[in-house]
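Enquirer: The structure follows.
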Amino acid sequence: MAGNGKLATVFGGSGFVGRYIVWSLARKGYRVRAAVRRPDLAGYLQPMGVVGQIYPVQANLRFADSVARAVEGADVVINAVGILAPTGAQSFGAVHADGAGRVAKAAKEAGAARLVHISAIGANKNSAAKYAQTKALGEEATFAAFSSAIVLRPSIVFGPEDEFFNRFAAMARISPFLPLIGGGHTKFQPVFVGDVGHAAAAAATGTGDSGTVYEIGGPEVSSFRDLLKATLEYSDRKRLLLPIPFWMAKLMAALTAPLPNALRPMTVDQVRLLQSDNVVSEEAKRDGRTIAALDVARPASIDGIVPAYLERFKAKGQYAHYHP
């Protein structure tokens, strides 16, 4: 990790995807400024580099002054801020759209050489889901302020801290069934969070074409049903997969709206997202705008990563297989 004298600012550096971007940049020798709302809770990032290489700073995408301070002197900027459900002032529009525009504008004014923006496959202004709408608006705002930016659109991202496999494995602990929304036919191309972090760091440090949107997926396309079956297999649980039509799933999600997001199985917006496949497009494959172009030749598979962190959900505990 020999230092290269350059500085990278990572917005959302303490988040699920952001922490892997921070680690990847540190491995490339960058000093990393992790711009987060609560730097007092981001100290765990510092051991990812040598002493003084990684340091959290306070920034909130809703406040332009804090964004501008966070990018001062930065050679590269990465925006990895995203939310799965709105909470208070942290709305989809404020974070995904307006916040993305503020980061791009500040990065341009600070003279950053490269800007990488993390969006999502399915970003579409015409989508029925607010998440997808605002992701598309964020891409638009990013390119409007920083035309040479690189946008990464991952499919569903998995890893030890994910909100997919962990959530459904936790649900299987207490529920006699898992909800097979829309019959479980929706297709995904899950990508390992470590590969997303590596791809983002590569894009920020010279790999990839400026002004381009890359679609980031893993090596396998799986249906929602396949992913739930894998979750049960890895957590050693036997549960019924109960088909639930989209309209009923939306009703159930609406009825649980008063609950905290951590306790809700799914929001109405997430059900709407499940009505469209979430895979790398044929156009992106044809144009070479995939993860392979961002220095990830062999992305990790679900089978190679997920079983290890779902072991803790097994009925007899994480270390049961060590018992005689």
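The values are calculated or read from the model by the stated rules, or taken from the named source; none is laboratory data. In this text, all values refer to a predicted model and were calculated from it rather than measured experimentally. Here the Cβ is made from the backbone with ideal geometry for all residues, glycine too, and neighbour counts use every protein chain on show.
Enquirer: Counting only residues that are out of contact with any helix residue (DSSP H, G or I) (no Cβ under 8 Å at 6 or more places or on another chain) and hydrophobic (A, V, I, L, M, F, W, C), which one in region 175-234 is modelled with the highest pLDDT?
Expert: 221
Enquirer: For region 226-279, name all the residues that are polar (S, T, N, Q) and farther than 19 Å from residue 174 by Cα.
Expert: Matches in region 226-279: 267, 270, 275, 276, 278.
Enquirer: Can you find a residue in region 24-46 that is buried (at least 19 other Cβ atoms within 10 Å of the Cβ) and in contact with a His (Cβ under 9 Å, 6 or more places away or on another chain)?
Expert: Scanning region 24-46, I find at least one residue that is buried (at least 19 other Cβ atoms within 10 Å of the Cβ) and in contact with a His (Cβ under 9 Å, 6 or more places away or on another chain), so the answer is yes.
Enquirer: Please find, among 180, 152, the residue that is under 26 Å from residue 305 (Cα atoms), over 17 Å from the mean Cα position of the chain (by Cα) and among the aliphatic types (A, V, I, L, M).
Expert: 180
Enquirer: Kindly indicate which of 24, 66 is out of contact with any Asp or Glu (no Cβ under 6 Å at 6 or more places or on another chain) and within 28 Å of residue 164 (Cα to Cα).
Expert: 24
Enquirer: Among (1) among the acidic types (Asp, Glu); (2) crowded, with 18+ Cβ neighbours inside 10 Å; (3) on the phi > 0 side of the Ramachandran plot, there is one condition residue 269 misses while meeting the rest; what is its number?
Expert: The single condition residue 269 does not satisfy is (3).
Enquirer: Could you please find all residues in region 286-297 being farther than 20 Å from residue 162 by Cβ, out of contact with any strand residue (DSSP E or B) (no Cβ under 8 Å at 6 or more places or on another chain) and in contact (Cβ under 8 Å) with a residue 60 or more places away in the chain?
Expert: Hit for region 286-297 is 295, nothing else.
Enquirer: Being under 26 Å from residue 271 (Cα atoms) and without any contact (Cβ under 8 Å) to a residue 24 or more places away in the chain is the filter here; which residues of region 55-85 pass it?
Expert: 83, the sole residue that qualifies.
Enquirer: Do you know which of the residues in region 241-255 that are out of contact with any strand residue (DSSP E or B) (no Cβ under 8 Å at 6 or more places or on another chain) and surrounded by 16 or more Cβ atoms within 10 Å (Cβ to Cβ) is modelled with the highest pLDDT?
Expert: 250
Enquirer: So, in region 261-279, exactly how many residues are in a loop (DSSP other than H, G, I, E, B) and acidic (Asp, Glu)?
Expert: Here the count works out to 1.
Enquirer: Of everything in region 107-133 that's surrounded by fewer than 21 Cβ atoms within 10 Å (Cβ to Cβ) and either in contact (Cβ under 8 Å) with a residue 60 or more places away in the chain or charged (D, E, K, R) (or both), which residue is nearest to residue 22 (Cα to Cα)?
Expert: Filtering first and then ranking leaves 108.
Enquirer: Between residues in region 301-321 that are under 30 Å from residue 221 (Cβ atoms) and residues that are among the aromatic types (Phe, Trp, Tyr) and part of a helix (DSSP H, G or I), which pairs lie under 7 Å by C-beta distance while being six or more apart or on different chains?
Expert: Sorted first by the residue in region 301-321, then by its partner, the pairs are 306/165; 306/234; 307/234; 310/165; 310/234.
A quick yes/no check of all residues on (1) among the acidic types (Asp, Glu); (2) assigned to a loop (DSSP other than H, G, I, E, B); (3) over 19 Å from the mean Cα position of the chain (by Cα):
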| position | (1), (2), (3) |
| --- | --- |
| 250 | no, no, yes |
| 259 | no, yes, yes |
| 300 | no, yes, no |
| 308 | no, no, yes |
| 315 | no, yes, yes |
| 318 | no, yes, yes |
